[in-house]
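Below is one structure, written out as structure tokens; the observations come after it.
The values are calculated or read from the model by the stated rules, or taken from the named source; none is laboratory data. Not measured: the values here are computed from a predicted model. Please note: Cβ atoms are built from the backbone with ideal geometry, for glycine as well, and neighbour counts cover all protein chains shown. Each accessible area value is taken on the protein alone, full model and side chains, heavy atoms only, with ligands, DNA and RNA left out. Shrake-Rupley method; radii C 1.70, N 1.55, O 1.52, S 1.80 Å.
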Amino acid sequence: MADGTMHAWSVVEPGPVGEGPLRFVEKPVPVPGADELLVRVRACGVCRTDLHVTEGDLPVHRPGVTPGHEVIGMVAGFGAAVEGFAVGDRVGVAWLRRTDGTCVHCARGAENLCPSSRYTGWDADGGYAEYTTVPAAFAYRLPGGLDDVAAAPLMCAGIIGYRALRRTALAPGGRLGLYGFGGSAHLCAQVAIAEGATVHVLTRGAAARRLALELGADSAQDVYAVPPEPLDAAILFAPAGELVPVALRALDRGGVLAIAGIHLSDIPPLRYESELFYEKELRSVTSNTREDGREFLTLAARHGVRATTHTYPLTRADEALHDLKAGRFDGAAVLVNDIEV
């Protein structure tokens with residue numbers, strides 16, 4: 001088992017990412033609890049939620065927290081109560097870290113709604129580091145054929161996009177609109193297309209629109225454009241509340257809009273007749289269940305879902321977050337551990 005200290009990024013003072021809220025520091029290598037794995041991080045995806053934690057859009061749960069919850073790594077040790085894992089096993093660590101397992105929500109299979117839920121990179125230190133920990137029951141065994149960088153964005157961007165897709169209740173062959181086309185949306189689109197949906201992408205970035213068409217979207221337009229046909233469902237990935245009425249107007253009768261992000265700017269007043277009438281529905285998405293994760297990883301392997309990735313060394317995590325905020329890349333950014341053991 002590793003001991004001593006490690007390098008990690010710490011949110012020292014939440015604020016605009018360009019003003020240095022993150023600091024690269026030395027921390028003690030975490031000691032896994034009795035039911036936890038110690039994971040040597042090999043790759044960690046850069047999620048917009050990390051940006052929200054860093055900038056303070058999400059309230060601080062742990063002072064000086066290390067962000068990161070799209071982790072791929074190797075088991076380096078484990079607590080006394082862990083069974084079924086060995087040192088050297090490759091595992092994935094995702095956003096949902098722990099639930100109480102006993103509340104009414106957990107009992108009915110909705111552990112994502114557990115009031116006692118805890119999250120990687122928010123309640124506990126995450127993967128912008130050389131090591132992290134995860135309860136063994138919440139670690140994912142990974143399908144073969146995916147390297148570390150390709151697998152990292154699947155752990156949150158992929159899983160949350162999948163849950164958002166299921167929240168729309170899109171029928172087979174349905175018409176789906178995706179508002180915003182970053183890390184999560186470009187993975188969601190691949191699943192939807194593989195399942196027969198017609199996908200229309202609406203996003204501000206020219207590079208993102210090109211990627212959407214390359215992945216098989218039927219159209220790709222500016223985020224405020226009117227889709228070429230009415231939509232049976234839509235997912236809002238951009239954290240922009242002003243797009244909610246835009247997306248609702250694009251829905252056909254009986255359509256559903258799912259909001260995929262954990263943070264959303266204020267929604268302007270909605271006009272009932274043009275935006276909600278005819279039994280249109282607005283649904284939120286809250287985290288995911290472990291079953292969502294297992295289902296998505298199985299489908300990703302079956303359909304060959306792949307992330308478009310841009311790698312940064314771990315030592316440049318602040319730059320990756322800055323580029324994410326500025327929209328400087330399509331697909332997803334992934335930090336690669338460039339620090340020698």
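Could you give the dipole magnitude of the chain about its Cα centre, charging the beta-carbon of Lys and Arg +1 and that of Asp and Glu -1, in debye to the nearest 20?
It works out to roughly 520 debye.
Cα centroid distance between region 44-71 and region 125-173, in Å?
If you average the Cα positions of each part, the centres end up 16 Å apart.
Charges at C-beta only: +1 for Lys and Arg, -1 for Asp and Glu. How large is the resulting dipole of region 45-194 about its Cα centre, in Debye rounded to 20?
620 debye
Give me the percent relative contact order of the chain, please, defined on Cα pairs under 8 angstrom at least 6 residues apart.
About 18 percent, as a whole number.
Need one number: the % of Cα-Cα pairs in region 82-194 sitting beyond the 22 Å mark.
Counting every Cα pair in region 82-194, those more than 22 Å apart make up 45 percent.
Please give the FRET efficiency for D123 paired with R328, using the beta carbon to beta carbon distance and R0 = 22 Å, rounded to the nearest 0.05.
Rounded to the nearest 0.05, the efficiency is 0.15.
Just going by the charge dipole of the chain, with Lys and Arg at +1 and Asp and Glu at -1 on Cβ, which of P268, G304, W9 is farthest out on the positive end?
The Cα lying farthest towards the positive end belongs to G304.
Taking all protein chains in place and a 1.4 Å probe, what share, in percent, of the accessible surface of the chain do carbon and sulfur account for?
That fraction is 50 percent.
Rounded to the nearest 10 degrees, what's the angle between the helix 183-194 long axis and the longest principal axis of the chain, both from Cα atoms, 0 to 90?
With both axes taken from Cα atoms, the answer is about 60 degrees.
Measure nothing but the geometry: give the 0 to 90° angle between the long axis through the Cα atoms of 317-326 and the longest principal axis through the Cα atoms of the chain, rounded to 10°.
With both axes taken from Cα atoms, the answer is about 10 degrees.
Any idea how far apart A207 and T315 come out in nm if each label point goes 7 Å out from Cα toward Cβ?
2.3 nm
Could you give the length gained by full extension between Y278 and R253, i.e. 0.36 nm per residue of separation minus their alpha carbon distance, to one decimal place?
8.5 nm is the gain from fully extending Y278 to R253.
Determine the relative contact order of region 229-280: mean sequence separation of Cα pairs under 8 Å and six or more apart, normalised by residue count, in whole percent.
The value is 43 percent.
What's the magnitude of the charge dipole for region 243-331 around its Cα centre, counting Lys and Arg as +1 and Asp and Glu as -1 at the beta-carbon? Answer in Debye, nearest 20.
Charge dipole of region 243-331: 200 debye, to the nearest 20.
Where the convex hull is taken over the Cα atoms of region 185-341, what is its projected area averaged over directions, in nm²?
That works out to 10.9 nm², a quarter of the Cα hull's surface.
Between the helical axis of 290-303 and the dominant principal axis of the chain, each derived from Cα atoms, what acute angle in degrees is found, rounded to the nearest 10?
70 degrees
Starting from a Cα-only point model with no solvent, please compute log10 I(q)/I(0) by Debye for region 1-111 at q = 0.18 1/Å.
-1.07
Using DSSP, restrict attention to beta bridges with both residues in the chain and report what percent are antiparallel, rounded to the nearest 5.
55 percent
Would you mind getting the accessible area per residue of region 188-341, heavy atoms of the protein chains only, 1.4 Å probe, in Å²?
Dividing the accessible area of region 188-341 by its residue count gives 47 Å².
Restricted to Cα positions, what overall size does region 128-179 have along the principal axes? Three whole-Å values, descending.
Sorted largest first, the three principal extents are 42, 23, 22 Å.
Given the convex hull over the Cα atoms of the chain, what projected area results after averaging over all orientations, in nm²?
Directional mean of the projected Cα hull area for the chain stands at 16.5 nm².
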